[in-house]
Amino acid sequence: MRVWNSRKSAHEEALQGMMLASPGKFVRLPSDYGYGLYRANLPEKKVRIIINGGGGYGPMWAGFADEGLADAMVHGNFDSAPNAFVLYEMAKTIDCGCGVLFLTNHFMGDYLNNDMAVELLAHDGIDARLCCISDDILSCEGEAKENRGGLHGIGQVCKICAAAAHDGLSLEEVWRLAEKANSRLRSLSVNIREEKMFFGEGFSGEPAVKTAAYQGVDRMAEEACKILLTEMEQWKEDTFYLSVNSHCSVGYTETFVMLNAVAVKLKECGIRLEGCAAGTYFDVFEGSGCMISLLACDEELRRYVRPVKGYGFVI
Amino acid sequence: MDKLYVELFQRMFIRGARLIIEKEPYLTEIDSVIGDGDHGTGMKRGCEALEKLFLKEKYAFVDELCYAVSTELIKTMGGASGIIFGTMFFGGISRLSHRDYVDARELSEYFLEGERAIERRGKARPGQKTMLDALYPACVAMESCVARSSDVVLLFKDGYEAAVRGAEDSKLMKSQMGRSKNFKEKTLGFPDPGAVSASLWFQAFYETVSEVR
């Protein structure tokens, strides 16, 4: 049982609720085919960022249409990608001539719908680019990085793009930064259950890739860092940012214990950690455990790393 | 028939939509065995929306007609098939002139370009048990038809026959794309539901133009 009238009406009612909680802050995109919100106070003459994905994932995506993040968000029904036409309608509504960047996690439905939206916009003469985030290091084992799915690292990419757009960069440049940040981003899901720790469990019930006996958070953080750093060795001299996402079954105290454990471990590995944050950005019903995300920034990316605050969370 | 006028083109789409609605139980049946069972209902939803749209809208230009068909399918179908069948009719729009008729060569290029757009977007090729296994042979057949004749009826006859053969041949293939790839060997012996849908469009196109002659 859930606190809603029906699964069908839940998204509509939740967006109405969000708008009541922040009067004047959002505009609802009128559409029969999906759910979209955009900021009421859109900055003038800047590249627009539309973040989007399946519905029902907590602050992702509904809470991401805000200052320092995206200009708009679109989400689909529960566990379903948003419809290409709604993405297209949103882009047409908020574009101011500087073009639109779509950010989404790399899943088949999300990719197809975003790619189609880009083509529909091109037909209308509107510039649009797409960056699909593929930070989930343990998904699609043995395949190219581009084939991987996305976890919560997209939040870090989004804030970098927002800062770049704010500074007046062109669509091409903002898109390039998004791709660069994605290429230097690795995330991992961790969970504990019945005296065991699990790495790489998917949020749609995919089984863990690695399992071991649970011997405390420090051991779990050590293993997590080992997995993440295997692919980040080449950026060891760069600046790292850590983001911990906890599903709502994980408590506040536990979340920060986890953040601390990972930060300590990274330091031991000689990583220069410039910033860390924790929160429930991405949540699924019945979801448990955490996600750990690392971003390695070079000088260029660092220029656009600015804390995003005031949402009940910090990214 | 050297020219296909927009009014007849629209009737072809109406007939295709009706045929797919009629065949929905069959599409659902095969997709339930080798996929997640939603292909038939998705196609039906899109085709019903198309029928409804065409009750009130008449198009003056072929490119506008094809644009309306694709966007309606994308809007209403959802999922991967909405994009794929939307792309089938959208990808080649730039090959159509902005006028009230289209000739056989343009039609052939239109469908081929749509097929290429699906390959690119879906990162797929013919031979993987997808709708491309009907669409691609249809495009090849139409391409070779326009080299010999400018007759639109013949164009759709060749396209239709090749599409049906292609859908039939997909029975011998193992799925390598989408959710049905998890069913592997189990997919042998069943045609790909998307390939069947693609062949149904061509069946309706051919039947509509052949009755005019």
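When a/c reaches 1.5 or more, the comparison of a/b and b/c decides; with that in mind, is the protein assembly as shown rounded, prolate or oblate per its Cα gyration tensor?
Prolate, since a/c reaches 1.5 and a/b exceeds b/c.
Could you tell me the calculated FRET efficiency between B:Ser94 and B:Ala60, based on Cβ-Cβ distance and R0 = 25 angstrom, to the nearest 0.05?
My answer for the efficiency is 0.85.
At a Förster distance of 41 Å, what's the computed FRET efficiency of A:Glu12 paired with B:Tyr26, Cβ-Cβ distance as r, to 0.05?
Efficiency, rounded to the nearest 0.05: 0.75.
How far apart, in nanometres, would the label points at A:Leu20 and A:Ala144 be if each is projected 7 angstrom from Cα along the Cα-to-Cβ direction?
So the two model labels end up 4.9 nm from each other.
Tell me the mean residue ellipticity at 222 nm calculated for chain B from its helices only (DSSP H runs of n ≥ 4, each -39500 (n - 2.57), averaged over every residue, nearest 500).
-23500 deg cm²/dmol
So what is the relative contact order for segment B:73-204, in percent, with contacts set as C-alpha pairs under 8 Å and at least six apart?
The normalised contact order for segment B:73-204 reaches 23 percent.
Within segment A:90-228, how many lysine pairs that are 8 or more places apart, or on different chains, have C-alpha atoms less than 15 Å apart?
Here the count comes out as 4.
Using alpha-carbon pairs under 8 Å, 6+ residues apart, how would you state the relative contact order of chain A in percent?
Normalised by residue count, the contact order of chain A is 15 percent.
Using the alpha-carbon centroid of each, what span in Å lies between segment A:167-246 and segment A:23-92?
26 Å
So which lysines can B:Lys23 reach, going by Cα to Cα under 24 Å and dropping same-chain residues fewer than 8 places off?
B:Lys44, B:Lys52, B:Lys75, B:Lys129, B:Lys157, B:Lys171, B:Lys174, B:Lys181, B:Lys186
Could you give me the ³J(HN,Hα) list for segment A:148-158, computed from phi with Karplus coefficients 6.51, -1.76, 1.60 and θ = phi - 60°, whole Hz, x at Gly and Pro?
5, x, x, 10, 9, x, 4, x, 5, 5, 4
Could you check the simple spin-label distance between A:Lys45 and A:Glu300, using points 7 Å along Cα→Cβ, in nm with one decimal?
The two pseudo-label positions are separated by 2.5 nm.
What residues of segment A:21-64 lie in the reach of a label at B:Asp36, counting those whose backbone N is under 13 Å from a point 7 Å from the Cα along Cα→Cβ?
A:54-55
Over all residues in B:81-91, what is the mean tally of Cβ atoms on other chains that come within 10 Å of each residue's Cβ?
4
All other residues with a Cβ under 15 Å from the Cβ of A:Met220 taken together, and with Lys, Arg as +1 and Asp, Glu as -1, what is their net charge?
-2
Over segment B:115-182, what is the relative contact order in whole percent, taking alpha-carbon pairs under 8 Å and six or more residues apart?
39 percent
FYI, it's all coordinate maths here, none of it is from the lab. Predicted model, so just to flag it, every value in this text is computed and none were measured. So basically every Cβ, Gly included, is an ideal-geometry build from the backbone, and we count neighbours across all protein chains shown.
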